[in-house]
Amino acid sequence: MIRKFAGVVGAFAVLSTALLGAGTANADPAPAVIGGGSGIIIDDMFECTVTTVGYDGAGRLVGLTAGHCGDPGAKVWAEKDRGAGQIGTFVYSDHDLDYAIIQFDPSRIIPVNHIGNVTITGLGGPPGFPMIVCKEGRTTGNTCGISWGDVFDTSVETWSQMCVVEGDSGAPVVVGTTLVGMVNAYLAVACFGPEVGTNMSSIMNDINSRGSIGAGYHPI
């Protein structure tokens with residue numbers, strides 16, 4: 001899949017990964033550990049990464065990932081624990097900002113704020129140049145690089161020089177332990193071309209303005 005970002009001439013590789021021949025797992029009562037950086041499988045077809053997990057203002061257990069990973073109704077499994085069964089469902093997907101909301105089954109996951117080398121303790125504004133940002137993706141794990149900021153003055157996206165490839169879509173982008181964005185795409189060459197992602201401030205403004213599932217979100 002290819003997606004063009006606002007204000008950019010040229011195509012970006014979108015970072016979900018297609019699965020071939022994946023089967024449906026048997027249910028198991030043991031819940032899966034899920035947080036920002038966890039790999040997920042969507043509709044037995046695509047692999048993406050969870051951005052963050054927490055509660056919305058109504059107390060629902062929800063999380064975020066990239067919007068191109070699935071549409072409302074798409075079913076979610078934990079990549080590392082298929083035995084936990086279906087752990088959640090896509091309830092909203094925005095293809096302009098490229099983010100999606102997953103509502104998780106509280107009986108099927110243990111929500112955490114630490115996966116790999118990334119811990120999320122709060123939400124923050126977009127990183128500018130020359131801040132260092134890091135991400136935790138299900139494909140390439142933990143990588144860091146310089147933030148180029150909002151190169152084309154879109155007010156919604158930030159470029160950075162982090163290694164990302166297919167399957168890293170949705171990966172949390174952090175400055176320290178503050179979640180500032182998610183991974184959505186890369187330019188030209190995987191792991192070498194600049195990464196482009198949507199800012200968390202833009203995502204949260206959109207979620208809160210709709211006043212539905214996800215509004216008032218705060219991470220675990």
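The values are calculated or read from the model by the stated rules, or taken from the named source; none is laboratory data. As the structure is a prediction and not an experimental result, all values here were calculated from the model. When we count neighbours, we look across all protein chains shown, and the Cβ atoms used for this are built from the backbone with ideal geometry, even at glycine. These area figures cover heavy atoms from the full protein model, side chains too; ligands, DNA and RNA do not enter into them. Shrake-Rupley method; radii C 1.70, N 1.55, O 1.52, S 1.80 Å.
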Go through the residues of the stretch 182-193 one by one and say whether even a single one is surrounded by 19 or more Cβ atoms within 10 Å (Cβ to Cβ), polar (S, T, N, Q) and not in a loop (DSSP other than H, G, I, E, B). no
I'm trying to understand the selection: among the residues of the stretch 67-83, which are open to solvent by 10 Å² or more (accessible area, probe 1.4 Å) and either assigned to a helix (DSSP H, G or I) or among the charged types (D, E, K, R) (or both)? H68, D71, K75, E79, K80, D81, R82, G83
Pairs where the first residue, in the stretch 174-202, is within 14 Å of I132 (Cα to Cα) and the second is basic (K, R), C-beta under 8 Å, 6+ apart: V174/K135; E195/K135
For residues that are touching a strand residue (DSSP E or B) at 6+ places or on another chain (Cβ under 9 Å), within 13 Å of Y92 (Cα to Cα) and surrounded by 15 or more Cβ atoms within 10 Å (Cβ to Cβ), tally how many sit in the stretch 205-220. 4
Of all residues making up the stretch 129-171, the number that are of a type in the set (D, E, K, R), under 10 Å from T49 (Cβ atoms) and open to solvent by 40 Å² or more (accessible area, probe 1.4 Å): 1
Would you be able to say whether some residue in the stretch 14-33 is modelled with pLDDT under 95, touching a Lys or Arg at 6+ places or on another chain (Cβ under 7 Å) and closer than 16 Å to D168 by Cα? yes
For G170, only one of the following conditions fails: (1) under 19 Å from Y217 (Cβ atoms); (2) not in a loop (DSSP other than H, G, I, E, B). What is its number? (2)
Against the conditions (1) free of Cβ contacts under 8 Å to residues at least 40 places away in the same chain; (2) on the phi > 0 side of the Ramachandran plot, where does G85 fall short? Just the number, please. (1)
